[in-house]
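I have placed the structure first, in the form of structure tokens, so that the comments after it can refer back to it.
Readers should treat all values here as calculations from the given coordinates under stated rules, not as data from a laboratory. The structure presented is a predicted model; accordingly, all values stated were derived computationally and were not measured. We place every Cβ from the backbone using ideal geometry, glycine too, and count neighbours over all the protein chains shown.
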Amino acid sequence: MRTPKADLILHPVRMRVLMALAGRQMTARQIAALLPDVPPATLYRHLNTMTEGGILAVVEENRVRGTVEKVYALASPHAAYLSPADVSGMTKDDYMHLFTTFAVSLLGDFARYLNSRDEIDPVKDNVGFQKLPMHLSDEEMREFGQGLNDLFSRFAANPPAPDRQRRLFSLIFMPDPDPPDSTEQPQQNS
């Protein structure tokens, strides 16, 4: 059974809004400029839902020509993440929905990159993706994850700058569903 927080996050448009707001504050107009394919009424509905659900916060209100323009931010640094408690008790179908939403958002991000300019240069743009199997004990996996979190946190705190391009980092960890026979010895490269 999904939690209310999971239900708030598990939507392709909401995931894009959360990514847009990660590390910054923006008005609905600024968010809309980043999501031109999302109708304004739909965007406002999702902003209201996430604000009422505690995922987003209104951090400022500005009067603009007789109306109030709200400035949004994540309600907390971890507002867009599902904690172990948030996913505890999820069914297989819930996990599949969670992963499908994540995968669809990756596909959408990559399609927007490909369509963002007439000519793309994945080498120059440092675009890459791969699958890499590793043999790790549970303790080694925790250590690897903590090291990766430490490294990520170090660079995620970088403020915008003229020489910095905002980049998306996506990562998936899971046990290999089709591991080789554990009695086989790994091949050594000579």
Which residue pairs have Cβ atoms under 6 Å apart, sit 6 or more places apart or on different chains, and have a first residue in segment 81-97 that is in a helix (DSSP H, G or I) and a second that is among the basic types (Lys, Arg)? Asp86/Lys5; Asp94/Arg2
Which members of segment 1-26 meet the condition of being surrounded by fewer than 16 Cβ atoms within 10 Å (Cβ to Cβ) and more than 13 Å from the chain's Cα centre (by Cα)? Met1, Pro4, Asp7, Arg24, Gln25
On the basis of being part of a loop (DSSP other than H, G, I, E, B) and either surrounded by 10 or more Cβ atoms within 10 Å (Cβ to Cβ) or in contact (Cβ under 8 Å) with a residue 60 or more places away in the chain (or both), does Ala57 make the cut? no
Out of the residues in segment 111-153 that are basic (Lys, Arg) and either in contact (Cβ under 8 Å) with a residue 24 or more places away in the chain or assigned to a helix (DSSP H, G or I) (or both), which is farthest from Pro12 (Cα to Cα)? Arg142
Checking the structure you have, find out if any residue of segment 142-151 is under 25 Å from Gly23 (Cβ atoms) and loosely packed, with under 10 Cβ neighbours inside 10 Å. yes
Filtered residue count, segment 1-34, keeping only those that are part of a loop (DSSP other than H, G, I, E, B), more than 22 Å from Phe99 (Cα to Cα) and either charged (D, E, K, R) or without any contact (Cβ under 8 Å) to a residue 40 or more places away in the chain (or both): 1
